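Peer 1: Before anything else, here's the structure in question.
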Amino acid sequence: MSRNILITGGAGFIGSHVVRLFVTKYPDYRIVNLDKLTYAGNLANLKDIENAPNYHFEKCDICDYDAVRAIFRKYDIDGVIHLAAESHVDRSIKDPFTFARTNVMGTLTLLQSAREYWNGAWDGKLFYHISTDEVYGALELTHPEGIKPPFSTTASSMEHHLAYGTDFFYETTKYNPHSPYSASKASSDHFVRAYHDTYGMPTLVTNCSNNYGPYQFPEKLIPLFINNIRHRKPLPVYGRGENVRDWLYVEDHARAIDVIFHHGKVAETYNIGGFNEWKNIDLIRVVIRTVDRLLGRKEGEDMNLITYVTDRPGHDMRYAIDSSKLQRELGWEPSLQFEEGIEKTVRWYLDNQAWMDNITSGEYEKYYEEMYRNR
C-alpha cells in the first residue's frame, strides 16, 4: 500500500536516518521531509537520496500553522513521524522560550493541522511522536561503582542493562522532568495523548534513550569529543563524569521507528533503549582509546585531554530504559553493543572529516542558504 508520510526534522541527526530508511525501503511511499533548517539541520546528511523520485523536501517552521496545513493538502499526508525538536539540554537552560515554542507549540500546530485535514476519517492515519527518556526524570545508582565497568564487546545485553541499578524507566513510569528541554518534551507528549483521548486521533508516542552514530551535530558529547581528540583540544566533563546514560545506535532507533510506525498499537507508548548503560567517564575513555587507535596514536595517549568542569544545573544522575515491551510485542531489539557501535561511529567521523569541518566552520549553512535562495 502506498503512503504519503510527513517526517518532521528529517534533516537532523535521527531524522535523516529515518528519512533515508523510509525512502530506500519503501519506494512506493511518498516521503516528505519537513525541516526548518535551524543550526542542527543539514541537508548534506541526505545527499545520497536527495534525488530519489519518492523524496520531497519542504523548508518550513513547524510553528507556521498556515504553511503546515498547506503541506498536508499538497501531499495528501496520511502519516506523520514527528522528530523536529530543539534537543540540547544546555541550550534549553540558556533559552527555555525557544524550546517551549518549538517543542510544545510546534507539536500542537502539527496535531491541529492533522486533525483538521483528516477531519475524523482516521482509518489508515497515524500521528507518531518521538520523545525522550528525559521526561521520566532520574534514577538512583543502586550500584554506584557498576557491576563490571568498563564492559567488553562480549558482555551480554543484560549485563549492560543491570550494570548500575535494578530500576528502569517503563512506559508506565510517572513523568518528572528536570530541565526546560525535558519539560517541553513532556508537555508535547501530553498534547499528543490528549488529541487521541479528546478527538480520537490515532497517535503513538515513543521515548528513546541517548542516540549516537553518524551525522550527529557536534554539540553533542560523542561527535564533539571525537573532533576534540582529533585536534587535541580539551574534553570538558561535567562534575566527575559519574552520570549514567543508556546509549542507542541511531540506525537501531530508525529500525525501531519503522517497526512501530507499521505495527505499533494506536494510543500505546513504547520505550526504545539500547541496553547499554555507561558512566560518562567510562564512555569517554572508550572514545579516546578508539580515536587514538584509529588515528595511529598510542592507544589512550589523549586521556590527558579530560578536563573536569562545573556540573550543569539539574543534571540527572541516571537514565535507564526498559525496552522489553517493544521486544516482546513487536520483535525489535538493538543490533549493536556500545563498543561495536562506537567503532563504527568513530570510523565514520574520521572518514568524513570534511563533513565535520563544514559543520564546525558553518560552511554547510552558507551552502544551503545559497542553494535555496536560487531555487
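Peer 1: Which condition from (1) surrounded by fewer than 20 Cβ atoms within 10 Å (Cβ to Cβ); (2) touching a residue at least 60 places away in the same chain (Cβ under 8 Å); (3) closer than 20 Å to residue 347 by Cα is the one that residue 302 breaks?
Peer 2: (1)
Peer 1: Another question about this same structure. Tell me, please, whether a residue that is surrounded by fewer than 19 Cβ atoms within 10 Å (Cβ to Cβ), closer than 27 Å to residue 78 by Cα, at pLDDT 70 or above and of a type in the set (S, T, N, Q) can be found in region 111-122.
Peer 2: Residues of region 111-122 that are surrounded by fewer than 19 Cβ atoms within 10 Å (Cβ to Cβ), as a first pass: 112, 115-117, 119-122.
From what's left, closer than 27 Å to residue 78 by Cα: 112, 115-117, 119-122.
Those left that are additionally at pLDDT 70 or above: 112, 115-117, 119-122.
Then keep just the ones that are of a type in the set (S, T, N, Q); that gives 112, 119.
Yes, region 111-122 contains a residue that is surrounded by fewer than 19 Cβ atoms within 10 Å (Cβ to Cβ), closer than 27 Å to residue 78 by Cα, at pLDDT 70 or above and of a type in the set (S, T, N, Q).
Peer 1: What residue, among those in region 262-299 that are touching a strand residue (DSSP E or B) at 6+ places or on another chain (Cβ under 6 Å) and among the polar types (S, T, N, Q), is modelled with the lowest pLDDT?
Peer 2: My answer is 276.
Peer 1: Something else about it: Identify all residues within region 294-332 that are farther than 22 Å from residue 13 by Cβ and among the acidic types (Asp, Glu); write none if there are none.
Peer 2: Within region 294-332, 299, 301, 302, 311, 322, 329 qualify.
Peer 1: Hey, another quick one. Exactly one condition in (1) surrounded by fewer than 19 Cβ atoms within 10 Å (Cβ to Cβ); (2) modelled with pLDDT under 95; (3) in contact with a strand residue (DSSP E or B) (Cβ under 6 Å, 6 or more places away or on another chain); (4) not aliphatic (A, V, I, L, M) is false for residue 58; which is it?
Peer 2: (2) is the only condition that residue 58 fails.
Peer 1: Which of (1) part of a loop (DSSP other than H, G, I, E, B); (2) buried (at least 21 other Cβ atoms within 10 Å of the Cβ) is the odd one out, the single condition residue 349 does not satisfy?
Peer 2: Of (1) part of a loop (DSSP other than H, G, I, E, B); (2) buried (at least 21 other Cβ atoms within 10 Å of the Cβ), only one is false for residue 349: (1).
Peer 1: Also: Kindly indicate whether any position in region 243-265 is of a type in the set (A, V, I, L, M), touching a helix residue (DSSP H, G or I) at 6+ places or on another chain (Cβ under 6 Å) and not in a helix (DSSP H, G or I). Explain how you work it out, then say what you get.
Peer 2: Narrowing region 243-265 to residues of a type in the set (A, V, I, L, M): 244, 248, 250, 254, 256-257, 259-260.
Still in the list and also touching a helix residue (DSSP H, G or I) at 6+ places or on another chain (Cβ under 6 Å): 250, 254, 257, 259.
This time we only want the ones that are not in a helix (DSSP H, G or I), so: none.
Looking for residues that are of a type in the set (A, V, I, L, M), touching a helix residue (DSSP H, G or I) at 6+ places or on another chain (Cβ under 6 Å) and not in a helix (DSSP H, G or I), one finds none in region 243-265, hence no.
Peer 1: Identify, please: which residue in region 261-298 is closer than 21 Å to residue 223 by Cβ and β-branched (Val, Ile, Thr) and is, among those, surrounded by the most Cβ atoms within 10 Å (Cβ to Cβ)?
Peer 2: Within region 261-298, the match that is surrounded by the most Cβ atoms within 10 Å (Cβ to Cβ) is 272.
Peer 1: Anything in region 185-232 that is within 30 Å of residue 346 (Cα to Cα), among the hydrophobic types (A, V, I, L, M, F, W, C) and either within 19 Å of the chain's Cα centre (by Cα) or not in a helix (DSSP H, G or I) (or both)? List them, or say none.
Peer 2: Looking only at region 185-232, we keep the residues that are within 30 Å of residue 346 (Cα to Cα), and these are 185, 206-232.
Adding the requirement that they be among the hydrophobic types (A, V, I, L, M, F, W, C) leaves 208, 217, 221-222, 224-226, 229.
The answer is 208, 217, 221, 222, 224, 225, 226.
Peer 1: Kindly indicate the residue of region 71-92 that is touching a Lys or Arg at 6+ places or on another chain (Cβ under 7 Å) and more than 20 Å from residue 41 (Cβ to Cβ) and also surrounded by the most Cβ atoms within 10 Å (Cβ to Cβ) among those meeting that condition.
Peer 2: That would be 78.
Peer 1: Just to be sure I understand the filter: pairs with C-beta atoms under 6 Å, separated by 6 or more residues or on different chains, first member in region 348-375 and closer than 30 Å to residue 287 by Cα, second member of a type in the set (Gly, Ala, Ser) and at pLDDT 85 or above. Which pairs pass?
Peer 2: Note: pairs meeting the criteria are 364/44.
Peer 1: Shifting gears a bit: Go through region 1-18 and count every residue that is within 14 Å of residue 128 (Cα to Cα) and either of a type in the set (Val, Ile, Thr) or part of a helix (DSSP H, G or I) (or both).
Peer 2: The number of residues fulfilling the criteria is 5.
Peer 1: Just the residues that are surrounded by 15 or more Cβ atoms within 10 Å (Cβ to Cβ) and among the polar types (S, T, N, Q), please, taken from region 328-344.
Peer 2: Hit for region 328-344 is 337, nothing else.
Per-residue answers, yes or no, for (1) surrounded by fewer than 20 Cβ atoms within 10 Å (Cβ to Cβ); (2) at pLDDT 95 or above:
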| position | (1), (2) |
| --- | --- |
| 199 | yes, yes |
| 202 | yes, yes |
| 205 | no, yes |
| 211 | no, yes |
| 217 | yes, no |
| 221 | no, no |
| 233 | yes, yes |
| 240 | yes, no |
| 245 | no, no |
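Peer 1: When the residues of region 36-65 are filtered to those that are under 25 Å from residue 205 (Cα atoms) and of a type in the set (D, E, K, R), which remaining residue is farthest from the chain's Cα centre (by Cα)?
Peer 2: 64
Peer 1: When residue 27 is evaluated against the numbered criteria (1) in a helix (DSSP H, G or I); (2) surrounded by fewer than 20 Cβ atoms within 10 Å (Cβ to Cβ), which criterion, by number, is the only one it fails?
Peer 2: (1)
Peer 1: Residues that are closer than 20 Å to residue 12 by Cβ and basic (Lys, Arg): find the helices (runs of 4 or more DSSP H) completely inside region 32-124 holding 1 or more of those. Reasoning before the result, please.
Peer 2: Details: elements: 65-75, 89-94, 96-99, 106-118.
In region 32-124, the matching helices (runs of 4 or more DSSP H) lie at 89-94.
The values are calculated or read from the model by the stated rules, or taken from the named source; none is laboratory data. Computed from a prediction, not measured in an experiment: that's the story for all the values here. Every residue, glycine as well, gets a Cβ built from its backbone with ideal geometry; the counts of neighbours run over all protein chains shown.
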